[in-house]
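Asker: Provided herewith is a single structure, encoded as structure tokens, for subsequent inquiry.
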Amino acid sequence: MRAWPSQAAEATIKTRTEENARLEAAIADAHAQVLAMEAKLRADEAIRRKLHNTILELKGNIRVFCRIRPLLGVWQPRGKQRKKGIFFANWS
């Protein structure tokens, strides 16, 4: 013959069932948060990569713009003794 659970056992089963449902809901919420954070991370990483590449490109452009080359004979002053250093042509 099968014994029926007592009221205390029924209360314990009910409490644990409710606790199990609450924990499953918390796990589902945490999983949704993880998915949202991973999507945000991917978007932020794409922005970071784009900005990093822009910075590297600008550094290269500045380096090229500021590069100093040896003076050509055309740009050196005529009739004057050649001086060492940088000479800027008078454009006016």
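The values are calculated or read from the model by the stated rules, or taken from the named source; none is laboratory data. Just so you know, these numbers come straight off a predicted model, no measurement behind them. With ideal geometry, Cβ positions are generated from the backbone for all residues, glycine too; neighbour counts draw on all protein chains shown.
Asker: Only one of (1) at pLDDT 60 or above; (2) assigned to a helix (DSSP H, G or I) is not met by Val74, so which one is it?
Answerer: Unmet for Val74, out of (1) at pLDDT 60 or above; (2) assigned to a helix (DSSP H, G or I): (1).
Asker: Condition test on Val34, is it of a type in the set (A, V, I, L, M) and either at pLDDT below 90 or touching a Ser or Thr at 6+ places or on another chain (Cβ under 8 Å) (or both)? Don't jump to the end; show me each part of the working.
Answerer: Working: of a type in the set (A, V, I, L, M): yes; either at pLDDT below 90 or touching a Ser or Thr at 6+ places or on another chain (Cβ under 8 Å) (or both): no.
In short, no.
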